[in-house]
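> This is the structure I want to talk about, given as structure tokens.
No value in this document is a laboratory result; all are computed from the given coordinates. Predicted model only: the values in this text are computed from it and were never measured. Cβ coordinates were reconstructed from backbone atoms using ideal geometry, including for glycine residues, and neighbour counts include every protein chain displayed.
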Amino acid sequence: MTVDDLGGRRASGTPSVVRSLRTHGQRLVPFSVEFNPPRDAAAEARLWRTVREFERMHPAFVSMTYGAGGTTRDRTVRVTGQLAGETTLLPVAHLTAVSHSVAELRALVGSYADAGICNVLVLRGDPPGDPLGDWVRHPDGVEYAEELVRIVRDLGDFHVGVASFPEGHHRSPDLDHDTRHLAAKLRAGAEYSITQMFFDVEHYLRLRDRLVALDPEQGAKPIIPELMPITSLRTVRRAEELCGRPLPAAVVDRLTAAAGDGPEEDRAAVRAAGIEIATEMAQRLIDEGAPCLHFITLNFAKATTEVLTNLGYGVTAAPVPA
């Protein structure tokens, strides 16, 4: 079955993420950003302000997450389609297996195809309500992301990415097991991976080493590190929820020291420390040859653009040609 068979217009002329990384990497290491589907009209207006801020900096791609269990499905598909049709940005649509049958997943891929989207980030996904809870397969769904990669690739001219885990997925018994799962997803047809957020660059470097040692062919595919600038102690807790693991003690100590001993957190100092930490990590990743820097934005532009500015990125006069 092709994209045309799904009823959508072909998007084969749209560049893949890997191609976009090559194009954008001619001067600086490319960067990309992650957005979340807005929950209401006010949040959608804020998202579009953020989108326009990043559009002026020409990221290699932008990704749109997908609500657990499809809780934001319609809005996600619509907004991702608008990113494809109304901006100069290259959107990547998230697709998760949680609470979906294979038929529903195929229909969702068709919705993305109809919007002209050919780049999809395939994830097994976390259970709704409790990301660390037991994962239960839909009776008519899939068990692993590897299966979902094959489904998407079989449906047409799609470019697929997957998740990778520098510290190992919290459900994996050990790092070797986790690395084998990543290699299997890549062998199934994924062209790159985006890591789970982390705060110790050594974890990213060791993941890269493990994959190359296991399968040099798959290890040659881009592993894109995901970063999130910390702007308050509250976002530390949020980051730990997203990671499923505690932040390194050295990072927490640095942020806690910035917060001070007063009755209220010195938010400006914490924010400055968080921007500094993210900048240092990003520079180390650049020095170590990371193919791209992928930022979780929570639909705000300021913190990420400050990190990028610290690294020498800025607004350019025109989009980078595809």
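> Any idea what angle helix 102-114 forms with the longest principal axis of the chain, computed on alpha-carbon atoms, 0 to 90 degrees, nearest 10?
For helix 102-114, the angle is close to 80 degrees.
> If one takes the longest principal axis of the Cα atoms in the chain, at what angle in degrees, from 0 to 90 and to the nearest 10, does the Cα axis of helix 41-55 lie?
80
> Please work out how much length the chain gains when fully extended from Ser101 to Leu28, using 0.36 nm per residue of separation minus the C-alpha to C-alpha distance, in nm with one decimal.
Full-extension gain reported as 22.1 nm.
> Can you classify segment 250-307 as rounded, prolate or oblate using the Cα gyration tensor, where a ≥ b ≥ c are the square roots of its eigenvalues, rounded means a/c under 1.5, and otherwise it's prolate if a/b beats b/c and oblate if not?
Because a/c hits 1.5 or more and a/b fails to exceed b/c, segment 250-307 counts as oblate.
> Report, in degrees rounded to the nearest 10, the 0 to 90 angle that the Cα long axis of helix 175-187 makes with the longest principal axis of the chain.
Rounded to the nearest ten degrees, it is 40.
> Strictly greater than 14 Å: what percent of every Cα pair in segment 165-251 meets that?
64
> Here's a follow-up. I need the calculated FRET efficiency for the pair Ile286 and Ala213, taking r as the beta carbon distance and R₀ as 22 Å, to the nearest 0.05.
Plugging the Cβ-Cβ distance into 1/(1 + (r/R0)^6) gives 0.40.
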